[in-house]
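These notes are about the structure you will find just below.
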Amino acid sequence: MPVLVAVLAATLAVGLLLGDGELPVPALRGQAGHFLLAHVITLLPAVFLLYGLGRGDLRTESVAGRHLRGLDVGLALALAAAGTTCGGLAYAAGQGALALVLARNIAGYLGLALLAHPLVGHRPAAAALAAVPLLCSAAGWYPDGHPRPWAWPLHPAGSPAALAAVGLLLLTGTACALRGRHPPAASRLLAG
């Protein structure tokens, strides 16, 4: 838990320090828009969460006396809430709309981690998460330079579509993680 809090704080701090620094990414479709370094760095809390979730033995945890899946979900939701709170405080302190984008994207990637982990395991889920900003940057722009509705990490801070997408990811991820299906046997072997 202390590592996750440190990673969350460092992600927000470094994201704000990077500011509007852009990565040059070619567009596969339409026109390339502005892809900020901050869109990539917000993956870190979700990747560290997945690493922590993958450290336990799934067979042992599935028969534990405590509901460990609920604790995992609670941890992810607490991280999302902490990131949102810190981003809101940074925005109120005058750090600009980027603080809200960082907070929203952290929560979205945590929702994706909750969704993917029970389905494919922690390592493939982390790889899938890493592909999201790349896919968004390469194919998530309309020809006029505006982000497509499904490319929620690219939307500006006040986007209702991005906020709804993140809320849906958190709800769906929570439901999927609580349902508790184990990853396929192949991914359990990879998880080692």
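The values are calculated or read from the model by the stated rules, or taken from the named source; none is laboratory data. Keep in mind that this is a model prediction, so the values were computed, not measured. All Cβ positions, even for glycine, are placed from backbone atoms using ideal geometry, and neighbour counts span all protein chains on display. Accessible surface is based on the protein model in full, side chains and every heavy atom, while ligands, DNA and RNA are left aside. Shrake-Rupley method; radii C 1.70, N 1.55, O 1.52, S 1.80 Å.
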Interchain or long-range residues, amide H under 5 Å from Trp141's placed H: Arg148
Proximal charge balance of His155 [Cβ under 14 Å; K/R count +1, D/E count -1]: +2
Accessible area of the stretch 98-150 belonging to carbon and sulfur atoms, whole % at 1.4 Å probe: 78 percent
Residue-wise HN-Hα coupling along the stretch 97-102, computed from phi with Karplus coefficients 6.51, -1.76, 1.60 (Hz; x: Gly, Pro): 5, 4, 4, 6, 5, 4
The stretch 105-116 - phi-based ³J(HN,Hα) in whole Hz, Karplus 6.51/-1.76/1.60, Gly and Pro as x: 5, 4, 4, x, 5, 5, x, 5, 5, 5, 6, 7
Neighbour net charge for Gly15 - beta-carbon separation under 15 angstrom, K R +1, D E -1: -1
